[in-house]
Amino acid sequence: MATTRERPVLLYFHPSMEKLATEIVKKTEEACSERGCVRGVQLKKSPGDSIQWGHFKDSWPNLFIDNVKQCAGKDVIFLASFHTPQVVFEQLSVIYAFPKYLARSFTLILPYFSTGTMERVDTEGQVATAKTLTKLLSGIPLSARGPAQIMIYDIHALQERFYFSDNVIPRLETAIPLLLSRLQSVPDKDLLTIAFPDDGAFKRFHSQFEGYPTITCAKIRDGDRRIVTIKEGKLKQQRNTYRPREKECVCVREGMRDRT
């Protein structure tokens, strides 16, 4: 009978995420060597043992998963990146395929939920594209152990978990503990001020930064311009002034790219 050691987790990735995938495997190996883990992560990047991301002449994807039968009975992870609409379809095609090749379990890691800021409709006619993307992800087939898990870091609004169907399990993770750990190692950490760009970021994260002075900003929309002003905050006094130096202010917001 195969042991857990003989069934490593298989980690596949989109080409844009190769560097991060390599770093994940490296950190996992370091942790296992320290703690004596019996299970490792196998990075699928070697020629003939990865995913071929080709395209036909009309630009539609021509995809092939090498040695796909090895997925049977294995826990499979796919590290995705939906950074532009052009790469979403090809990745969804691969994501839908893995459970059908008898993967024991399937986990999708999507660090950046690209449509997260369009999660609601303020005016009739607007389209909540966050709901559209969750519908696409909810279509991931069941694996042998049940629903796929979808890991997303610092999604724009926590209520977006309810946009997914019961066919998948959304796991809304946060990188704030990593940031807090990093701040503790910063020289002159007592001079740091935490800035939140809007009320939403303040409500979401301020409770995790107890002990730090905070600033809350407001964004004013003027056509295509975005004017950011300080709404309220407690700035730490330094050098006889209440204006923090730029390098001493850390801006904290949910995971997203600024479309402004």
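This table checks each residue for (1) more than 16 Å from C251 (Cα to Cα); (2) β-branched (V, I, T).
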residue: I176; (1), (2): no, yes
residue: K189; (1), (2): no, no
residue: L192; (1), (2): no, no
residue: R226; (1), (2): yes, no
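Listed here are the residues, each with its yes/no results for (1) in contact with a strand residue (DSSP E or B) (Cβ under 6 Å, 6 or more places away or on another chain); (2) among the aromatic types (F, W, Y); (3) modelled with pLDDT under 80; (4) under 29 Å from V68 (Cα atoms).
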position	(1), (2), (3), (4)
T115	no, no, yes, no
P141	no, no, no, yes
R145	yes, no, no, yes
D166	no, no, no, yes
L178	no, no, no, no
D188	no, no, yes, no
T193	yes, no, no, no
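It is to be established whether one or more residues within segment 182-190 are assigned to a strand (DSSP E or B) and either of a type in the set (D, E) or crowded, with 17+ Cβ neighbours inside 10 Å (or both). No: zero hits.
Against the conditions (1) buried (at least 16 other Cβ atoms within 10 Å of the Cβ); (2) over 20 Å from R253 (Cα atoms), A144 satisfies every one except (1). When the test is whether a residue is under 27 Å from H206 (Cα atoms), in a loop (DSSP other than H, G, I, E, B) and either more than 15 Å from the chain's Cα centre (by Cα) or without any contact (Cβ under 8 Å) to a residue 12 or more places away in the chain (or both), R161 does not pass it. If the condition is being open to solvent by 50 Å² or more (accessible area, probe 1.4 Å) and of a type in the set (S, T, Y), then segment 47-65 contributes only S59.
The set of residues from segment 184-208 being touching a helix residue (DSSP H, G or I) at 6+ places or on another chain (Cβ under 8 Å) and touching a residue at least 24 places away in the same chain (Cβ under 8 Å) comprises D188, L191, L192, T193, I194, F196, R204, F205, Q208. The sole residue among R221, R243, R257 that is within 30 Å of F106 (Cβ to Cβ), open to solvent by 80 Å² or more (accessible area, probe 1.4 Å), of a type in the set (K, R) and modelled with pLDDT under 75 is R257. From the list K100, K74, K135, the lone residue that is surrounded by 14 or more Cβ atoms within 10 Å (Cβ to Cβ) and out of contact with any Asp or Glu (no Cβ under 9 Å at 6 or more places or on another chain) is K74.
The values are calculated or read from the model by the stated rules, or taken from the named source; none is laboratory data. Keep in mind that what you see is a predicted model, and the values were worked out from it rather than measured. Note that each Cβ is placed from the backbone with ideal geometry, even for glycine, and that neighbours are counted across all protein chains shown. Ligands, DNA and RNA are excluded from the accessible area calculation, which covers all protein heavy atoms including side chains. Shrake-Rupley method; radii C 1.70, N 1.55, O 1.52, S 1.80 Å.
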